[in-house]
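Colleague: Structure below; questions to follow.
The values are calculated or read from the model by the stated rules, or taken from the named source; none is laboratory data. Everything quoted here is computed from the prediction, not taken from an experiment. Please note: Cβ atoms are built from the backbone with ideal geometry, for glycine as well, and neighbour counts cover all protein chains shown. Note: accessible area is taken over every heavy atom of the protein model, side chains too, but ligands, DNA and RNA are not part of it. Shrake-Rupley method; radii C 1.70, N 1.55, O 1.52, S 1.80 Å.
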Amino acid sequence: MSVSTLPDGLTTPSLLQTLALVAQPIGFLEQCAQRYGDTFTTRVLGWQSPPVVFFGDPGAIAQIFTAPAGQFELGKVTHVFRPLTGDRSLIMLDGERHQRQRQLLMPPLHGDRMRTYGQLICDLTRQVIADWTLDKPFSIRESTSEISLQIILRVVFGMTPGPRYYQLKHLLNALLEAVTSPLYSSQFFFPMLQRDLGRWSPWGAFLKQQYQIDKLIYAEIRQRRVQFDPDRADVLTLLLSAQDEAGQSMSDEELRDQLMTLLLLGHETTASALSWAFYWVHEKPSVLAKLQQELESLGNAPDPDRLAQLPYLTAVCKESLRIYPIALISQPRKVKEPVQIGDYTFDPGAILIPCIYLAHRRSQTYPAPEQFQPDRFLQQKFSPYEFLPFGGGSRSCIGAAFSLYEMKLVLATVLSCYTLTATTQGTVKPERRGITFVPSSNFRLTAIARRINTSAVNASV
């Protein structure tokens, strides 16, 4: 085949494309894929947008994820997160600086270290759901959001309930809720809106809120340095003691930025993924029955590690992440030097986006892709270019293993504590919430019976 500079794509003005993507991201991607196929060119970065190319084909995604590091710039493409995460955040860095931070962050969120958090995750889940009222419809997303935030504060920040904990929890709740609003979050996309006109202006209010949060985080970091306890297992403790190959530790500013990154990219995303898992298992009675049977095979109060290894529970969580992944796209790559992907060559300045949503909806990879079929993950092992809910390559989500582990334990714990039924009116559709999508607000669950005494929570909580 002849080499083309750019794949086919939209020819409408770039501003109209940008507005269409912002207004209906899923619809925009589906319409483009139906018209142009797996790979298409858009211009969705404002007035003078460079070419932005989306890829849903596993072969092309594999080429992007395995390309030499010097061919792409990645940190600069995530500039919209900079005001929230700071300059030293893992997602803002490239090259050696990115690799250094990633090596320091990796150990606490994987393997044996990660599994030390299992019992605390289960206990915090029971604590949050202990007050559910029977026979009263409620929003599961509100509960999963509360569980996720508490897990981050306890497991990542290593904080215990007290004045600073509750102040930070209140401020973070307010910030995270505000960020989900399109009107509020638009100021992060357009630098012209980032003007401090006092506390009553949107940007001024954000800066004041951020200052209050930072004051509490830095106070926690300073206290933990002075009262360092190497026996603690939380992520902050491990980062305080971590050193790179040159023997250098993280500065207070680096610690703050990484904590905020783990919070912002690990809170609402996991809460949303859990909401979809609860939706699907209660939408498909046969799935719920099979899952309950598997959970009951372990008896009462099973070990968290045994829970996390259950094959059908894992398949249910993976299928939920397939249909509505945590993010629609993997981290965009900005071309630094000419690169060939498939039959196309791309010049410097072009933006290449591995599209998770489209890859997960390919009928060639997943027959009947719109259907919730957990068994497909029991029958086949998909490559990291076919199933990529946390992105891939050197920029895959640092907390991917932890997020899936948390998701399995929370889902299993809730289903072991309560019998739930869906009390939904109308059709449930994906509804945008910040950078992720959740089941629309008409999706409600009702707890119709208690399976175990949810108040019997470990005293360590």
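Colleague: Tell me, what is the FRET efficiency for residue 336 and residue 115 to the nearest 0.05, using R0 = 45 angstrom and their Cβ-Cβ distance as r?
Modeller: Approximately 0.70, to the nearest 0.05.
Colleague: Obtain the nm distance between the two label points defined at residue 253 and residue 135 by a simple spin-label model: each point lies 7 Å from its Cα along the Cα-to-C-beta direction.
Modeller: 6.0 nm
Colleague: Taking just the C-alpha trace of the chain, give me its Rg and Dmax in Å.
Modeller: 22.2, 67
Colleague: Give the accessible area for residue 154 in Å² (nearest 10); use a 1.4 Å probe, count only protein heavy atoms, and leave out ligands, DNA and RNA.
Modeller: In the full protein context, residue 154 sits at about 30 Å².
Colleague: Mind jotting down the distance between the C-alpha centroids of the stretch 288-330 and the stretch 366-436, whole Å?
Modeller: Using only Cα atoms, the two centres lie 9 Å from each other.
Colleague: Efficiency by 1/(1 + (r/R0)^6): what FRET value for residue 35 and residue 379, r their Cβ-Cβ distance, R0 = 25 Å, to the nearest 0.05?
Modeller: Values: r = 32 Å, r/R0 = 1.28.
E(calc), rounded to 0.05, equals 0.20.
Colleague: Then there's this: Could you please report the charge total around residue 433, scoring K, R as +1 and D, E as -1 over all other residues with beta-carbon less than 11 angstrom from its beta-carbon?
Modeller: Numbers: positive: 141, 432; negative: 177, 268, 431.
Net charge in that neighbourhood comes out at -1.
Colleague: From Cα pairs below 8 angstrom and at least 6 apart in sequence, can you work out the relative contact order of the chain, rounded to a whole percent? Please report the intermediate quantities before stating the final value.
Modeller: Values: 681 pairs, mean separation 113.6, N = 461.
It rounds to 25 percent for the chain.
Colleague: Oh, and also: For the stretch 127-242, what does the relative contact order come out to in percent, with C-alpha contacts under 8 Å and a separation of six or more?
Modeller: Working: 62 pairs, mean separation 29.0, N = 116.
It rounds to 25 percent for the stretch 127-242.
Colleague: Order the peptides 11-18, 389-396 from the highest to the lowest mean number of other Cβ atoms within 10 Å of their residues.
Modeller: Working: 11-18: 14.6, 389-396: 20.9.
Put in order of decreasing packing, that is 389-396, 11-18.
Colleague: Looking at the chain, how many pairs of lysines come closer than 19 Å at the Cα, when each pair is eight or more places apart or spans two chains?
Modeller: Lysine pair count for the chain: 12.
Colleague: Counting heavy atoms of the protein chains only and a 1.4 Å probe, report the per residue accessible area for the chain as a whole number of Å². Mind dumping the intermediate values first?
Modeller: Details: 20760 Å² over 461 residues.
Using a 1.4 Å probe on heavy atoms only, each residue of the chain averages 45 Å².
Colleague: For residue 82 and residue 231 in one chain, what is 0.36 nm times their gap in residues minus the Cα-Cα distance, to one decimal in nm? The partial results should precede the final answer.
Modeller: Details: separation 149, 0.36 × 149 = 53.64 nm, distance 3.31 nm.
So the extension gain works out to 50.3 nm.
Colleague: Nearest 0.05, what FRET efficiency do residue 142 and residue 394 give at R0 = 35 Å with Cβ-Cβ as r? Write out the running numbers ahead of the final one.
Modeller: Values: r = 35 Å, r/R0 = 1.01.
For R0 = 35 Å, the calculated efficiency reads 0.50.
Colleague: How much length, in nm to one decimal, is gained on full extension between residue 431 and residue 24, taken as 0.36 nm per residue of separation minus their Cα-Cα distance? Working shown, then result.
Modeller: Numbers: separation 407, 0.36 × 407 = 146.52 nm, distance 0.97 nm.
Contour length minus the Cα-Cα distance gives 145.5 nm.
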